[in-house]
Amino acid sequence: DEVKKGERIKKAPIPFTTSTLQQEASKALNFSTQKTMRIAQQLYEGVEVKGHGTIGLITYLRTDSTRVADEADAAARSFVKEHYGENYAAAGEASAKNTGKIQDAHEAIRPTYMTNSPASIKDELSRDQFRLYQLIWKRFAASRMAAAVYETTSVKIGAEGVQFTMTASRVKFDGFMSVYMEADDKEEKNINNEKSEGNVMLKSIDEDTKLTLNELEPKQHFTQPPAHYTEASLVKTLEEFGIGRPSTYAPTISTITARRYVVKEKKNLYVTELGEAVNNMMKKAFASIVDVNFTAMMEGLLDMVEEGKVHWKSVIENFYPDFEIAVKNAEKELEKIKIEDEVTDVICDEC
């Protein structure tokens, strides 16, 4: 019935922040947040490179900014032009929307020198160091490259009063994708490749083309419940709610895991009975503090203290009295539970 052709542009990614590095390393390399930060720390502190001594390979690893120094930006664009061609270098700068929650104290996570390509220093790095450095290097190189361009074809097929729609796309210009592709995009590409097997457009078609039905395959899909958190999706949610800072994402997850509030199985995080009990107790005793908005609100108040708009004693005066009452009530509840447990133990012993 109808054939439409068009173009779709896929923008280059922005450089890594702590949060996005942890998410991507989890998806692409199957690293825990703690492992990602440990290896990134090693790359930041420095690695012995033959002929150059000890070199810090990446910039500071705890950051919430996507800002890049002018000299690093110029060096990256120059590197791209030299190794990939003029048309692969980006015209403008890829940047993220400022949510108002970022501190912007440090640059984005990037290689200190673009000339230290992963291949050139592979022998100096351990396997995990190489994989993480390669991820950071490729992401930064891609952020300074041109967008990828897809040619899309949309076909509407009429069959006895029923209309079917088919879309196909092919890469017209690979741009940044010649260097880097996100884990989600790779997964999507694999799924699309599997779907398109036996469904390839062999030649160009137009409104006069007659098609023959080979097979009709009916399928039914149901809405799935939300998936369990993974470390990557939990970090993303923490950042969205403004809970914590780049330096606290990994310790937060390692703490709740170490205390057995959650367990990790095949990447998924599951809440334990202990976690449920502690959570219920905390919600009952400290409802205002375990509220997801508390940390973001506190960060806002501390910013106002820094700017001189609010006195720090006022913040404490407003917070502490209610907190003191809540602590005393919680202690009474715990004492009650302890007595009940002791009574239960005595009854059980008697039985």
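A few points about this structure:
- Filter pass, residue 276 being without any contact (Cβ under 8 Å) to a residue 24 or more places away in the chain and farther than 30 Å from residue 108 by Cβ: yes
- Count - residues of the range 143-173 that are without any contact (Cβ under 8 Å) to a residue 60 or more places away in the chain, among the charged types (D, E, K, R) and open to solvent by less than 50 Å² (accessible area, probe 1.4 Å): 0
- Exactly one residue out of 264, 309, 284 is in a helix (DSSP H, G or I) and among the basic types (Lys, Arg): that is 284.
- Within the range 280-303, residues that are within 23 Å of residue 236 (Cα to Cα) have Cβ atoms under 6 Å from residues that are open to solvent by 70 Å² or more (accessible area, probe 1.4 Å) and not aliphatic (A, V, I, L, M) in these pairs: 290/283; 292/241, counting only partners at least 6 apart in sequence or on another chain.
- Test result for residue 140, open to solvent by 20 Å² or more (accessible area, probe 1.4 Å) and of a type outside the set (Asp, Glu): no
- Taken across the range 4-27, residues that are farther than 28 Å from residue 175 by Cβ, in a helix (DSSP H, G or I) and open to solvent by less than 10 Å² (accessible area, probe 1.4 Å) do not occur at all.
- Test: residue in the range 154-164 that is charged (D, E, K, R) and under 28 Å from the mean Cα position of the chain (by Cα): no
- Among the candidates 251, 225, the residue that is farther than 30 Å from residue 157 by Cα and more than 17 Å from the chain's Cα centre (by Cα) is uniquely 225.
To keep it simple, each residue is scored yes or no on (1) surrounded by 12 or more Cβ atoms within 10 Å (Cβ to Cβ); (2) over 26 Å from residue 244 (Cβ atoms); (3) at pLDDT 90 or above.
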{"site": "291", "(1), (2), (3)": "yes, no, no"}
{"site": "313", "(1), (2), (3)": "no, no, yes"}
{"site": "341", "(1), (2), (3)": "no, yes, no"}
{"site": "346", "(1), (2), (3)": "no, yes, no"}
{"site": "349", "(1), (2), (3)": "no, yes, no"}
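- Every residue from the range 200-255 that is part of a loop (DSSP other than H, G, I, E, B), surrounded by 12 or more Cβ atoms within 10 Å (Cβ to Cβ) and of a type in the set (D, E, K, R): 245
- Considering 264, 284, the condition of being open to solvent by 70 Å² or more (accessible area, probe 1.4 Å) and in contact with a helix residue (DSSP H, G or I) (Cβ under 7 Å, 6 or more places away or on another chain) is satisfied by 264 alone.
- Within the range 2-41, the set of residues being under 30 Å from residue 159 (Cβ atoms) and of a type in the set (Val, Ile, Thr) comprises just one member, 3.
The values are calculated or read from the model by the stated rules, or taken from the named source; none is laboratory data. Bear in mind the structure is a predicted one, so any value in this text is a computation, not a measurement. Neighbour counts are summed over all protein chains in view; Cβ atoms, including those assigned to glycine, are modelled from backbone coordinates with ideal geometry. Quick note on the areas: whole protein, heavy atoms, side chains included, nothing else; ligands and nucleic acids left out. Shrake-Rupley method; radii C 1.70, N 1.55, O 1.52, S 1.80 Å.
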